[in-house]
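Accompanying notes for the structure given below.
The values are calculated or read from the model by the stated rules, or taken from the named source; none is laboratory data. Bear in mind the structure is a predicted one, so any value in this text is a computation, not a measurement. Reconstructed Cβ throughout: ideal geometry from the backbone, glycine too, with neighbour counts over all protein chains shown. Areas reflect the complete protein model, heavy atoms only, side chains present, ligands, DNA and RNA absent. Shrake-Rupley method; radii C 1.70, N 1.55, O 1.52, S 1.80 Å.
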Amino acid sequence: MDKLNAMSAFVHVVEQRSFTKAAQILNLPRSTLTDAIKQLEAQLNTRLLFRTTRQVNLTDEGQLYYQRCKFILAYIDESDHDFLHAKPQGSLKVEVHGIFAAHFIIPKLHEFLSEYPQIQVQLTESDRYVDIIKEGIDCVIRIGHLNNSELVVRPLGHIQQVTLASPAYLKKYGTPNTLSDLKQHIMVGFYSSARQKALPLEFIINQQVEPYDLSTLIQVNGAHTYSAAAEQGFGLIQVPRYGHVKQIENGRLCPVLNQYAVPSLPVSLLYPSKTRVSPRQRVFIEWIVQLFKDHPLDQHE
């Protein structure tokens, strides 16, 4: 098997986490794939995979080689089409929060796909922190402050937050009128895997962010669950206003402490490398950055 086919076989084995499944997809004997990976490891003088009877996992070197193989194979594939004046094509995997995608991206996505009909966009959503290199994600849109990262970061704007509580909660605990009143209140704990604790409520006082770490009855780690818990009276929450307009309008959630500003949340687009961006990644990145220039986040409800 030549080098490019061996690289393709390696990518399939990684993505299927199985030699058998990859062999079925490629319609090749399993032994052919095994020999191809062994040859790659011999040529590179490094181990790419950990093999067990049930699963195949990448070594650290294998993760790096996997990303480079994906880029090289995609670049070759798209270069062939470039010579025929074809537009970028292929599958584009984007990690983005579901409510954010539904509110800001999905309504405009027809415009991108009409310009690039050969690109298949796969939007995946999760409240967990994802390793975009390890999981083969082309780019990710993250809400909130970022940890130190080697990824390329493109700021998209800021979204406004609001402090909310349900009518049932306010009837039971009273409506807080000042920040000192928070001593008698509880919050729904939003558990941060990055910080390993529930995030406090935050308010801007004298141009400084002041945390208020209230007691909790429950803690959650998902945005939908966070809002649902507040609607059921489990405590105060702070959330992006755009995703809760209907709950506010129909009275399921009530704004409180409006006189105190809540820090806005930065929104960022991240991707692995400026030097290894595929054509389909590049056009999507350019489109999403322009989208939020034309429709600034802080002008949305």
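Numerical summary
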| quantity | calculated |
| --- | --- |
| Some residue of region 169-182 being surrounded by fewer than 18 Cβ atoms within 10 Å (Cβ to Cβ), of a type in the set (Asp, Glu) and part of a helix (DSSP H, G or I) | yes |
| Single unsatisfied condition, Asn5 versus (1) part of a loop (DSSP other than H, G, I, E, B); (2) open to solvent by 80 Å² or more (accessible area, probe 1.4 Å) | (1) |
| Residues within region 52-76 that are exposed (fewer than 14 other Cβ atoms within 10 Å of the Cβ) and modelled with pLDDT under 85, tallied | 5 |
| Residue in region 25-39 that is open to solvent by 90 Å² or more (accessible area, probe 1.4 Å) and either under 33 Å from the mean Cα position of the chain (by Cα) or not basic (Lys, Arg) (or both) present | yes |
| Inter-residue pairs, beta-carbon under 6 Å, first over 17 Å from Ala6 (Cα atoms) and in region 45-57, second modelled with pLDDT of 80 or more and outside any strand (DSSP E or B), 6+ apart | Gln55/Arg17 |
| Hits in region 40-51 (condition: surrounded by 16 or more Cβ atoms within 10 Å (Cβ to Cβ) and in a strand (DSSP E or B)) | Leu49 |
| Residue within region 56-67 that is out of contact with any Gly (no Cβ under 8 Å at 6 or more places or on another chain), assigned to a helix (DSSP H, G or I) and more than 17 Å from Lys134 (Cα to Cα) present | no |
| Lone qualifier among Ile132, Ile141, Ile105 - being assigned to a loop (DSSP other than H, G, I, E, B) and surrounded by 13 or more Cβ atoms within 10 Å (Cβ to Cβ) | Ile132 |
| Qualifying residue in region 94-113 (condition: in contact with a helix residue (DSSP H, G or I) (Cβ under 6 Å, 6 or more places away or on another chain), modelled with pLDDT under 90 and more than 30 Å from Phe190 (Cα to Cα)) | no |
| Per-region count, region 259-301, residues polar (S, T, N, Q) and in contact (Cβ under 8 Å) with a residue 60 or more places away in the chain | 5 |
| Residue count, region 179-231 (criterion: in contact (Cβ under 8 Å) with a residue 40 or more places away in the chain and of a type in the set (D, E, K, R)) | 2 |
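For (1) in contact with a helix residue (DSSP H, G or I) (Cβ under 8 Å, 6 or more places away or on another chain); (2) closer than 18 Å to Ile99 by Cα, each residue gets a yes or a no:
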| site | (1), (2) |
| --- | --- |
| Gly222 | no, yes |
| Pro266 | no, yes |
| Leu269 | yes, yes |
| Pro272 | yes, no |
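Per-residue answers, yes or no, for (1) at pLDDT 90 or above; (2) outside the structural domain of Val56 (by the TED database); (3) at positive phi; (4) touching a strand residue (DSSP E or B) at 6+ places or on another chain (Cβ under 9 Å):
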site	(1), (2), (3), (4)
Glu115	yes, yes, no, no
Ile119	yes, yes, no, yes
Ile137	no, yes, no, yes
Ala165	yes, yes, no, yes
Thr178	yes, yes, no, no
Leu182	yes, yes, no, yes
Val188	yes, yes, no, yes
